[in-house]
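What follows is one structure encoded as structure tokens, with my remarks underneath.
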Amino acid sequence: MGTALFELALTCYFAVTIIGIIGLFKGSKESSQLMLIVTGAGFLMHSASIVYRYVAAGHLPVTSMHEAASFFVWCIVLIFFFLEYRYKIGIMGSFILPIVFILMLSSSVLPREIRPLSPVLQSYWLGIHTFLAFLGNAAFAVAFGIGIMYLLQEHYLKSKHTHGLFKRLPSIQVLDEINYKMITLGFPLLTLAIISGALWAESAWGSYWRWDPKEVWSLITWFIYALILHIRLTAGWRGKRAAILSIIGFLIVLFTFFGVNLLSMKSLHSFS
Amino acid sequence: MKVLVIGLNHKTADVETREKIAFTGAKLEEGVFGLRKIPEVKEVALLSTCNRVEIYACVSDTAAAAENIKNFLASFHNLIRKDFEGSLYSHTESDAVRHVLRVASSLDSMVVGEPQILGQLKDVFDFALSKKTTGILLNKLFKKAISTAKRVRTETKIAENAVSISFAAVELAKKIFTDLSGKSFMLLGAGEMAELAARHLVNNGVKEVAVVNRTYERGCEMAGEFKGRAVRFEDFLHELALMDIIICSTGAPSYILVREQMNKVMKERKHRPVFIIDISVPRNIDPEINKIENVYLYDVDDLQEVIDSNILERQKEAEKGEQIINDEVENFLKWMSSLDSVPTIVALRQKAEAIKNEELEKFKVKCPDMSEDRLKAVEYLATAIVNKLIHPPTSALKEDAEDRDELIAMIKKLYGINGGNVEE
């Protein structure tokens with residue numbers, strides 16, 4: 001049942017990715033509406049699959065790579081819907097939903113069995129720490145997609161390519177604004193995630209910080225986004241530079257999320 | 001009754017010919033009434049704009065009507081017929097219907113998708129209605145043309161892309177700033193195109209307008225017009241950092257703004273984006289400035305390219321418009337042919353009623369003692385029989401069938417109906 005729901009959600013996300021990519025070349029109001037409806041259906045089934053697993057495992061299902069990636073995707077779609085509701089930029093899905101699909105696909109190929117959680121980790125901190133971390137990183141994922149949209153539109157404006165996709169992309173000002181908002185949302189969430197993680201570590205293992213690879217890379221991520229915010233406010237690094245930085249930032253997020261585990265660095269966050 | 005369109009437009013006639021054939025001012029009314037007097041012309045309306053003159057008519061004989069209309073044009077405008085005849089086109093029946101719908105939808109316009117023509121056609125219709133020169137057929141045709149034009153407008157993007165310099169400037173500004181309200185704008189210099197673009201920006205809600213002119217007095221004058229403030233030419237560089245949109249159209253022989261100056265300006269405005277439109281020829285703003293981050297510089301050629309690509313886009317949309325026109329022409333022709341059977345249906349019913357009444361009268365004479373109630377019952381019976389008998393032929397006539405003309409002839413023959421041709 002849970003598996004079926006997950007597969008259905010994956011199928012929906014695949015469908016919207018295809019619709020979204022077609023929309024890049026030949027978009028219409030109807031295609032972006034269809035994209036929203038199918039994403040909505042996928043999101044509902046995805047939510048149900050998470051609830052199903054929550055009930056089966058007895059805690060927020062984020063303790064295997066499969067679960068974590070799935071939950072990460074769920075957070076991205078949540079933010080996507082919020083932005084679509086607030087800004088109504090039909091073409092946005094073409095840039096965000098492929099990320100959603102790729103992450104969901106990587107989740108689907110990872111081992112899915114529910115493993116018992118070690119007793120030291122059984123704490124309310126699990127929900128708080130992971131939810132903050134994933135929602136923060138999801139905001140960075142959206143900032144990444146928006147950053148790509150910004151670079152494209154900026155390129156079109158500069159090179160005076162004023163037809164096709166140019167017409168369907170929103171103004172660079174709105175893209176810069178969303179990009180900035182996503183980072184100002186993600187940054188405090190990541191900060192809180194690191195703090196709550198430290199508190200949890202203290203209660204579980206007796207020390208706040210252990211220079212675990214995941215901790216180190218999270219700290220690097222934190223510094224990158226702190227830098228983006230800082231130079232935007234002080235030196236006026238907005239627009240193109242902010243977009244490029246947010247793209248680099250998210251690549252580091254991805255490395256923190258997958259790379260650290262794949263390179264089998266010994267980590268307290270590795271799920272085995 | 002057939003629809004006939006005779007006219008000329010920017011594609012078939014040069015300005016000189018169009019001017020000669022045009023019905024301006026009071027001539028319009030005179031022309032319409034003159035055309036109405038042609039015996040074959042039953043309904044008529046007349047459109048006269050700077051790009052086209054067209055006569056829409058409903059006629060009994062297309063060839064004769066066309067002859068007489070052409071002769072009328074020659075005599076009305078004191079022209080020799082062969083001088084303008086080559087520029088005229090004439091469409092009949094389905095081609096005429098299609099032509100009217102295409103004109104209304106602006107698919108036949110010089111700039112495809114420009115909406116003025118629909119308004120002009122509505123005026124023609126209102127005028128014809130007030131003078132009662134049109135009837136059932138042309139009225140329906142005009143209504144169809146207006147509704148089709150609306151369909152084309154909403155279902156295609158034919159009117160969405162800017163095709164003038166000033167609209168293109170606003171369209172681009174919206175791709176940089178989304179919302180122009182709250183933005184400040186500087187008009188550097190003067191000139192028709194620049195002022196038109198400035199007016200569009202003001203209409204789109206720019207918050208602050210600064211006008212710079214070499215002669216300060218002229219600047220003040222224009223500032224009043226745009227509800228802005230005048231800035232002395234010597235001071236414009238100091239104000240530049242405050243401006244989000246700049247339109248430049250001075251007559252300077254060389255660059256008045258170069259890259260180093262703009263670099264400083266950008267630093268001062270913390271790299272917030274700025275949109276510069278240089279309409280001047282020769283250019284007044286160093287094109288190198290476009291290479292600075294967050295500066296978007298467009299010159300007159302760039303804008304022209306935007307317009308050219310927009311026109312191409314409109315033409316693509318026009319193809320979708322033609323599909324809609326096809327549908328609507330078909331609808332109209334269906335309605336028109338259904339009109340053919342109406343007189344026959346009416347005649348059939350009249351004939352049946354007449355027979356019924358005649359026989360009832362005879363019956364009353366034969367049976368004078370019949371009570372009121374009984375008589376009513378007999379009348380009821382007669383009516384029921386008549387209705388039942390004429391129902392199948394009536395509904396056969398109403399049906400949209402290929403062989404309707406034959407059917408009409410056959411029913412007329414079978415029931416002995418004479419006449420019943422469409423007359424108004």
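The values are calculated or read from the model by the stated rules, or taken from the named source; none is laboratory data. For clarity, every value in this text was computed on a predicted model and none was experimentally measured. Note that we place each Cβ from the backbone using ideal geometry, even for glycine, and neighbour counts take in every protein chain shown.
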Within the group A:TRP209, A:TRP205, which residue is assigned by TED's automatic domain parsing to the domain that holds A:ASN261 and touching a residue at least 60 places away in the same chain (Cβ under 8 Å)? A:TRP205
Could you count how many residues in the range B:140-165 are closer than 25 Å to B:GLU330 by Cα, out of contact with any Pro (no Cβ under 9 Å at 6 or more places or on another chain) and not in a helix (DSSP H, G or I)? 3
A:GLU215 assigned to a helix (DSSP H, G or I), more than 28 Å from B:ASN290 (Cβ to Cβ) and charged (D, E, K, R): yes
Can you work out which of the residues in the range B:121-134 that are of a type outside the set (D, E, K, R) and surrounded by fewer than 16 Cβ atoms within 10 Å (Cβ to Cβ) is nearest to B:LEU101 (Cα to Cα)? B:LEU129
Selection within the range B:290-308 - in a helix (DSSP H, G or I), touching a residue at least 60 places away in the same chain (Cβ under 8 Å) and facing another protein chain (nearest Cβ under 7 Å): B:VAL306
Qualifying residues in the range A:153-168 (those that are facing chain B (nearest Cβ under 8 Å) and within 26 Å of the chain's Cα centre (by Cα)) - the one surrounded by the fewest Cβ atoms within 10 Å (Cβ to Cβ): A:PHE166
With the structure loaded, tell me whether B:SER48 is surrounded by 15 or more Cβ atoms within 10 Å (Cβ to Cβ), under 20 Å from B:VAL97 (Cβ atoms) and without any contact (Cβ under 8 Å) to a residue 60 or more places away in the chain or whether it fails that test. no
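Taking the range B:386-406 only, how many residues are touching a residue at least 24 places away in the same chain (Cβ under 8 Å) and within 29 Å of B:GLU361 (Cα to Cα)?
The qualifying residues number 5.
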Would you mind stating whether A:ILE128 is more than 15 Å from the chain's Cα centre (by Cα) and within 14 Å of chain B (Cβ to nearest Cβ)? no
Of the residues in the range B:9-24, those that are hydrophobic (A, V, I, L, M, F, W, C) and touching a Phe, Trp or Tyr at 6+ places or on another chain (Cβ under 7 Å) number 1
Hey, B:ILE247 hits all of (1) more than 27 Å from A:TRP237 (Cα to Cα); (2) touching a helix residue (DSSP H, G or I) at 6+ places or on another chain (Cβ under 6 Å) but one; which does it fall short on? (1)
Residue in the range B:317-339 that is surrounded by 16 or more Cβ atoms within 10 Å (Cβ to Cβ) and within 14 Å of chain A (Cβ to nearest Cβ) present: yes
Flag for B:VAL170 being within 14 Å of another protein chain (Cβ to nearest Cβ), among the hydrophobic types (A, V, I, L, M, F, W, C), without any contact (Cβ under 8 Å) to a residue 60 or more places away in the chain and in a helix (DSSP H, G or I): yes
Lone qualifier among A:THR234, A:THR221 - being farther than 16 Å from A:PHE144 by Cβ, hydroxyl-bearing (Ser, Thr, Tyr) and not assigned by TED's automatic domain parsing to the domain that holds A:ILE79: A:THR234
So, in the range B:266-284, exactly how many residues are farther than 19 Å from A:LEU157 by Cα and either buried (at least 22 other Cβ atoms within 10 Å of the Cβ) or of a type outside the set (A, V, I, L, M) (or both)? 8
Based on what the data block shows, is B:THR154 buried (at least 18 other Cβ atoms within 10 Å of the Cβ), at pLDDT below 95 and more than 12 Å from B:GLU328 (Cβ to Cβ)? no
Of those in the range B:240-268 that are under 22 Å from B:VAL170 (Cα atoms) and in a loop (DSSP other than H, G, I, E, B), the residue farthest from the other protein chains (Cβ to nearest Cβ) is B:THR250
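Within the range A:175-188, how many residues turn out to be within 18 Å of A:GLY93 (Cα to Cα) and surrounded by fewer than 21 Cβ atoms within 10 Å (Cβ to Cβ)?
Qualifying residue count, the range A:175-188: 2.
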Wholly within the range B:21-136, strands (runs of 3 or more DSSP E) carrying at least 1 residues that are among the acidic types (Asp, Glu): B:41-48, B:52-59
Helices (runs of 4 or more DSSP H) lying entirely in the range A:115-205 (those with 1 or more residues that are polar (S, T, N, Q) and over 30 Å from B:ILE307 (Cβ atoms)): A:125-159, A:172-205
Selection over the range B:278-289 where residues are hydrophobic (A, V, I, L, M, F, W, C) and within 12 Å of another protein chain (Cβ to nearest Cβ) yields a count of 1
State which residue pairs qualify: first residue touching a residue at least 24 places away in the same chain (Cβ under 8 Å) and closer than 15 Å to B:VAL295 by Cβ and inside the range B:243-261, second residue buried (at least 21 other Cβ atoms within 10 Å of the Cβ) and of a type in the set (D, E, K, R) in any location, beta carbons under 7 Å apart, and separation of 6 or more residues or different chains. B:ASP244/B:LYS183; B:ILE245/B:LYS183; B:CYS248/B:ASP278
